[in-house]
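A.B. asks: Structure below; questions to follow.
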Amino acid sequence: MSTPYKYGLSILIFFVALALFSSYRIHQGLSVKEYRRFQIIPDAAATKNFEDSSASSLQHNTTWRAKMWEELIKSCQNKTKTRRLPKIIGIGVEKCGTHALMQFLIPHPLIRIARRIECHFFDAKPGGSVEDYLKLMPEVEEDIFIMEKTPAYFNFRSPSIPADIKKIVPDVKLLLVLCDPVERVLSDFYQQWIMFNKTNQSQREFGYKTVDEYLDVYLPRVQKTIGDFNEENRLLQEEKIFKLFREDHLSHILTTGFYALHLQRWFKHFNETNLMIIDSGAMIKHPGAVIESAQRFLHLPMVLLKEDYVLDEESGYFCYKDWRNENKLKCLPSDKQRTRNGQKALSPDAANTLQKFFESHNKALFKMLNRTFWA
């Protein structure tokens, strides 16, 4: 056998052995550090190659997943706990599924929630300090991802909220769920109605028994003040939204749905690397796929899988199937399904009117994101 041939054969044997060893290592389960090394590869192509070669095949290996889960838990044991700022904030949108997103992420062994699920720090305490914010957080180990969600951050009170968040939590990653603004109006209306009823203020301050009654008053008012989306005057329109909100709180039932106007101030401080925008329609129909995508975005080990989210025949909604607890279902509370069970709906006239009302704002959003949602 010639020397060049022997040399070539030796190289071939070496690479075959290396491939077999790599395959063995992967199937035996990566260590936490090894997994994280792959999870935070900045090069998109390298990340995709890793996902294609290992995640797609191994994430469905229950033995691998169980081992990784236990390693993650062990990696946090016997470590010092301190109050830490959140690594994840759900910023909204109200009534679009922010709570569902959080509930579906909570089972992850590296995620903990803030002491109050909705902290309302940046909207209720503009200009607050880091120390004040830390008081709202639990004591956790270094590797833990604290999450808080306050949907009011997206559109309420102060236009400085994006800048304030970036200043106090510069490395945070934001999750934003967008839904059809027409359907959102219905959900938010009944939310406000219930809130006022609980405080015995419904007749004195709310005063609208149906969505149609509310729209008869507020549609002309908001249309006159804000109008259709206008590229040249969008900053002025944004100012008018906040002015109207301060003068008339209930206007937000409509103006929250002007997503493009709200997003422009968020994009001054965040981009696709630290702001994930989620279609609520995908959350409803394919929550498992959304949760897998969220883990990639957050640089979390992929241990929550598509098949963990199953349709509950009784409610008609997806629930988390707890594979570590005899596959028991953990579903959303019934008050999170008020307007999606068919018992409450917009009249055809109201739905058509709202679709026209939001049309220009939706088109501006789709153009801004280069992506179509519910249209």
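A.B. asks: Is there a pair in Lys74/Lys328; Lys135/Lys167; Lys79/Lys321 whose C-alpha atoms are over 22 Å apart, and which pairs would that be?
C.D. replies: Details: Lys74/Lys328 24 Å; Lys135/Lys167 17 Å; Lys79/Lys321 29 Å.
Table pairs above 22 Å Cα-Cα are Lys74/Lys328; Lys79/Lys321.
A.B. asks: Hey, another quick one. Mind putting a number on the dipole of segment 97-141 about its Cα centre? Charges go on the C-beta only, +1 for Lys and Arg and -1 for Asp and Glu, and I need it in Debye to the nearest 20.
C.D. replies: Values: 5 positive and 6 negative charges, 22 e Å.
That gives a dipole near 100 debye.
A.B. asks: Sticking with this one: So if each residue of separation counts as 0.36 nm, and I subtract the Cα-Cα distance between Ala345 and Arg115, what length gain in nm does that give? Don't skip to the end; give the middle numbers.
C.D. replies: Values: separation 230, 0.36 × 230 = 82.80 nm, distance 3.50 nm.
79.3 nm is the gain from fully extending Ala345 to Arg115.
A.B. asks: What lysines does Lys363 reach when the alpha-carbon gap must be under 30 Å and sequence neighbours fewer than 8 apart in one chain are set aside?
C.D. replies: Lys95, Lys149, Lys166, Lys173, Lys224, Lys240, Lys243, Lys268, Lys285, Lys336, Lys344
A.B. asks: HN-Hα J couplings of segment 77-85 from phi, Karplus 6.51/-1.76/1.60, θ = phi - 60°, integer Hz, Gly and Pro as x?
C.D. replies: 6, 6, 10, 5, 9, 9, 6, 10, 6
A.B. asks: By accessible area of protein heavy atoms, probe 1.4 Å, what ranking do His269, His252 get, highest first? Mind showing how you got there, number by number?
C.D. replies: On the way: His269 70, His252 0 Å².
The residues order as His269, His252, largest area first.
A.B. asks: Which FRET efficiency value, to the nearest 0.05, is calculated for Leu369 and Arg83 with the Förster distance at 22 angstrom and r the Cβ-Cβ distance? Don't skip to the end; give the middle numbers.
C.D. replies: On the way: r = 35 Å, r/R0 = 1.61.
That gives a FRET efficiency of 0.05.
A.B. asks: Now for a separate question. Hey, if we sort Asp248, Asp349 by accessible area with the 1.4 Å probe, largest down, what's the order?
C.D. replies: Values: Asp248 30, Asp349 115 Å².
Ranked from most to least accessible, the order is Asp349, Asp248.
A.B. asks: Right, another one. Please check which bits of segment 285-301 a label hung off Asn327 would reach, taking the label as a point 7 Å along Cα-to-C-beta and the cut-off as backbone N under 18 Å.
C.D. replies: 288
A.B. asks: Could you order peptides 172-183, 107-118 by the average number of other Cβ atoms within 10 Å of their residues, highest first?
C.D. replies: Ranking, from highest mean packing down: 172-183, 107-118.
The values are calculated or read from the model by the stated rules, or taken from the named source; none is laboratory data. A quick note: this is a predicted structure, and the numbers were derived from the prediction, not measured. Here Cβ is always computed from backbone atoms with ideal geometry, including for glycine, and neighbour counts include all displayed protein chains. Heavy atoms of the whole protein, side chains included, go into the accessibility calculation; ligands, DNA and RNA do not. Shrake-Rupley method; radii C 1.70, N 1.55, O 1.52, S 1.80 Å.
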